[in-house]
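The values are calculated or read from the model by the stated rules, or taken from the named source; none is laboratory data. In this text the structure is predicted, and so the values were computed from the model without any measurement. Glycine also receives a Cβ, built like all others from the backbone with ideal geometry; neighbour counts cover every protein chain displayed. These accessible areas exclude ligands, DNA and RNA; they are computed on the full protein's heavy atoms, side chains included. Shrake-Rupley method; radii C 1.70, N 1.55, O 1.52, S 1.80 Å.
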Amino acid sequence: MAEPRVFKNFIGGEWRPSASGKTFESRNPADTRELAGVFQDSGVQDVNAAVAAAKAAFPAWRATPAPKRAEILLRAAQLLQERKERYSADLTREMGKPLFEAGGDIVEAIGMAQYAAGEGRRMHGVTTPSELPNKFQMSIRQPIGVCGLITPWNFPMAIASWKMLPALVVGNTVVIKPGEDTPHSTFNLVECLHEAGLPPGVVNIVTGYGPTAGQPLVEHADVPVISFTGSTATGRLVNLAAADKIKRVSLELGGKNPVIALDDADLDLVMDGVLWGAFGTAGQRCTATSRLIVQRGVAAELTERLVARAKTLRVGNGLSPETEMGPIINQKQLDRVLDYVAIGKSEGAKLLCGGGRLTGGDYDYGFFVQPTIFGGVSRDMRIAREEIFGPVLSIIEVADFDEAISVANDVPYGLSASLYSRDANHAFRMMRDIESGICYINAPTIGAEIHLPFGGVKGTGNGHREAGPQLMDAFSEWKSVYVDYSGSLQRAQIDNEV
Ligand code: TXE
């Protein structure tokens with residue numbers, strides 16, 4: 001086994017230990033005997049140093065032409081492509097997801113680098129006519145300053161890229177505090193940016209825990225923008241801490257995503273979609289399928305076939321090519337998943353398969369849970385309403401499409417939702433009536449692409465979207481510019497009275 005790497009904070013283009021000298025370990029969740037890396041346990045002094053470096057780098061980066069900024073992103077995309085295999089293994093080692101899924105994380109970062117780089121040659125504003133003669137007007141997009149990025153552990157490279165690359169192409173500088181379980185992938189992303197020519201101080205990494213390293217970043221007076229992905233509870237704290245200084249906060253929080261399967265659905269397609277949606281990434285996706293809302297006519301057959309397939313899924317170390325489902329990220333999340341299994345049973349739901357921790361042999365060194373399916377779930381049960389963030393699927397039977405939509409919308413979240421049906425009328429009603437930011441027809445609840453906005457309604461966030469044509473909105477200000485070349489004072493709304 002290779003010597004574990006010790007990562008220092010990356011501040012102003014230099015490697016710096018935490019001011020306290022403290023470090024923490026990240027271990028492979030599939031095999032805790034394996035150390036994935038040692039990272040700095042940072043505090044307020046380290047955050048202050050990183051913000052100072054980002055602030056100092058801002059004027060020159062802001063003044064760099066956007067197409068030049070974009071060229072660096074494109075070169076980084078090329079480097080990511082060349083290193084995809086190595087970075088995927090690093091990601092699997094720290095996060096646990098199987099290698100083929102880890103590759104998806106890297107591909108998403110590559111796609112985002114290419115997409116954001118395209119904006120370097122667009123970054124369109126608008127020109128509009130004036131209501132007065134001899135007057136010109138337009139809007140221009142401008143950077144804001146130092147952006148504080150706080151990311152979770154489930155998509156260690158993809159989520160970092162969604163936030164960092166749009167912020168950079170607009171001309172902002174960045175301090176990122178990655179999830180404490182999975183910091184390595186952020187270093188890999190930033191390594192490519194630096195080799196591609198990113199100037200020192202434009203991106204800074206401070207590792208550590210939420211309350212000690214995340215909170216000082218949120219509260220820092222020189223950080224006007226916070227972009228956060230994580231739990232609803234922490235998102236609320238972040239929002240409250242930022243409110244005092246009237247910061248811009250973009251939150252991407254949880255989900256309780258439904259698949260609706262109607263009697264006329266292609267059941268083979270539903271099977272594949274639900275298994276992938278519920279058990280891909282061991283259910284640790286904000287878009288994971290956690291509810292199957294199924295019409296009565298196909299409920300029995302679908303349930304029986306799903307349970308049979310779930311029992312055959314190969315759960316194991318993500319580094320092994322046979323693995324279909326990896327571990328849970330850590331002990332705390334494992335306990336949470338098992339707690340929800342107990343809650344489901346006590347609420348009267350029927351445990352159809354799974355529900356236990358996998359033990360014996362190598363399983364004893366990781367956080368493995370069986371793919372779990374509950375039947376007989378009703379809409380008011382906690383397992384039908386609360387985000388579990390693990391491989392647990394709740395099946396809820398309904399009479400018809402109307403009841404399905406009503407159940408689907410009856411949760412505090414609204415990120416992703418899916419309908420399986422051959423009926424175009426139901427498909428269009430779904431698109432109109434489902435309360436979610438992302439809607440799929442005949443496809444699972446996971447699989448968002450970067451060319452469309454990502455985010456949700458209700459408790460899933462606070463109205464912002466990542467990626468898509470809106471990707472730069474959280475990280476830019478609009479400036480409206482009026483140029484009067486009439487040579488005299490022209491008063492809008494007064495001198496042009498209708
Ligand atoms: O998240 P946290 P956790 C949900 C999911 C999961 C639950 C808990 O339901 O079971 O959250 O996961 C940083 N100020 N999601 O505990 O605490 C923290 O260090 C500033 C959904 O891992 O929200 C990490 O970098 N920052 C989600 C980040 O916030 C703070 C993905 C997320 O951690 C902080 C992950 C503070 N006071 C979990 N406290 C999704 N939307 O996909 C913590 N952090």
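Other residues whose C-beta falls under 15 angstrom from the C-beta of residue 454 contribute a net charge of -3, scoring Lys and Arg +1 and Asp and Glu -1.
If both residues of a DSSP beta bridge must be in region 257-441, then about 15% of such bridges are antiparallel. For the chain, the longest principal axis of the C-alpha atoms and the axis of helix 84-95 are separated by about 60°. When a 1.4 Å probe is rolled over the protein heavy atoms, the share of accessible surface on region 198-291 that falls to carbon and sulfur comes to 60 percent. The shape of region 257-441 comes out prolate: with a ≥ b ≥ c from the C-alpha gyration tensor, a/c is at least 1.5 and a/b beats b/c.
Around residue 321, under 13 Å between beta carbons, what's the net of Lys plus Arg minus Asp minus Glu among the other residues? Walk me through the numbers before you get to the answer.
Values: positive: 314; negative: 85, 101, 322, 324.
Here the charged neighbours net out to -3.
Grab the beta carbon distance between residue 431 and residue 406, set R0 = 22 Å, and tell me the FRET efficiency rounded to 0.05. It comes to 0.85. For the peptides 74-82, 164-172, residues were scored by their other Cβ atoms within 10 Å and the scores averaged per peptide; the highest-first order is 164-172, 74-82. Is the chain rounded, prolate or oblate when judged by the Cα gyration tensor, a ≥ b ≥ c being the square roots of its eigenvalues, rounded requiring a/c under 1.5 and prolate requiring a/b larger than b/c? In terms of gyration-tensor shape, oblate. Bridging of residue 479 to lysines at a Cα separation below 27 Å is possible for 55, 68, 135, 163, 245, 247, once same-chain residues fewer than 8 apart are set aside.
For a protection proxy built on the mean count of beta-carbon atoms within 10 angstrom, sort 323-332, 270-279 highest first, please. Don't jump to the answer; show the numbers that get you there.
Working: 323-332: 21.5, 270-279: 23.2.
The most tightly packed comes first, giving 270-279, 323-332.
Estimated from the Cβ-Cβ distance and a Förster radius of 45 angstrom, the FRET efficiency linking residue 477 and residue 35 is about 0.55. Heavy-atom accessible surface of residue 471, to the nearest 10 Å², is about 0 Å², with a 1.4 Å probe and all protein chains retained. Projecting label points 7 angstrom from Cα along Cα→Cβ for residue 221 and residue 44 puts them 1.3 nm apart. Placing a pseudo-label 7 Å from each Cα along the Cα-to-Cβ vector at residue 494 and residue 264 gives an inter-label distance of 6.3 nm. Using Cα positions and a limit of under 24 Å, work out the lysines in reach of residue 332, with same-chain residues fewer than 8 apart set aside. Reachable lysines: 22, 97, 177, 256, 345. Within region 153-175, name every residue whose backbone N is under 20 Å away from a label modeled 7 Å from Cα of residue 68 along the Cβ vector. Hits in region 153-175 for residue 68 at 20 Å: 165-174.
For the chain, the longest principal axis of the alpha carbon atoms and the long axis of helix 424-433 meet at an angle near 60°. Farthest toward the positive end of the dipole of the chain, out of 452, 145, 233, is the Cα of 145, where the dipole comes from beta carbon charges about the Cα centre. Rolling a 1.4 angstrom probe over the protein heavy atoms with all chains in place gives region 140-268 an accessible area of 25 Å² per residue. Sequence-distant contacts, meaning Cα pairs under 8 Å at least 6 residues apart, place the relative contact order of the chain at 18 percent. Helix 158-170 and the longest principal axis of the C-alpha atoms of the chain enclose an angle of approximately 10°.
Based on DSSP H segments of at least four residues, each scored -39500 (n - 2.57), the chain has a per-residue ellipticity at 222 nm of -11500 deg cm²/dmol. In this structure residue 16 has an accessible area near 90 Å², from a 1.4 Å probe over the protein heavy atoms.
Excluding residue 60 itself, what net charge comes from residues whose Cβ is under 13 Å from its Cβ, given Lys and Arg +1 and Asp and Glu -1? Local charge sum for residue 60: +4.
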